[in-house]
Amino acid sequence: MAYASDIRTENGGIADRFAALTKKMGARFARYKTYRRTLNELAALSDAELRDLGLCRAQIRSVAYEHVLDAH
């Protein structure tokens, strides 16, 4: 005896996939903008100001990246 099943998923059409892609790209660009803004602000600080924050210049990129992960 043979059985047939019809399973459908909610993949949507190409328009739905394109909308999801543009939404994902927009969110990624927003995160990148936040990263760059934070990176530029930290880079503009003097070494003394960075020391007051407990940072050194070598940590600027990682701090900016962590900020983006926490913010979004």
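A short reminder: the numbers here are calculations on the coordinates, not readings from a lab. Quick caveat: nothing in here was measured; it's all calculated off a predicted structure. Cβ sites come from the backbone with ideal geometry, for glycine too, and all protein chains shown count toward neighbours.
Annotations
- Once the Cα atoms are used to define both axes, helix 60-71 deviates from the longest principal axis of the chain by about 50 degrees.
- The string of couplings for region 43-51 from the Karplus curve (6.51, -1.76, 1.60, θ = phi - 60°) is 5, 6, 6, 6, 4, 5, 5, 4, 4 Hz, one whole number per residue in order, with x for Gly and Pro.
- Note on the chain: semi-axes of the ellipsoid equivalent to its C-alpha gyration tensor, largest first and rounded to whole Å, are 47, 14, 6.
- Working note: 222 nm ellipticity from helices only, DSSP H runs with n ≥ 4, each -39,500 (n - 2.57), summed and divided by the residues of the chain, gives -22500 deg cm²/dmol to the nearest 500.
- The slack between Arg36 and Ala71, meaning 0.36 nm per residue of separation minus the straight C-alpha distance, is 11.3 nm.
- Val63 versus Lys23: modelled label distance in nm, points set 7 Å from Cα along the beta carbon direction: 3.5
- Charge context of Tyr35, other residues only, Cβ under 14 angstrom, K/R +1, D/E -1: +3
- Put a plus charge on the Cβ of each Lys and Arg, a minus charge on the Cβ of each Asp and Glu, and nothing anywhere else: the dipole of the chain about its Cα centre is then about 280 debye.
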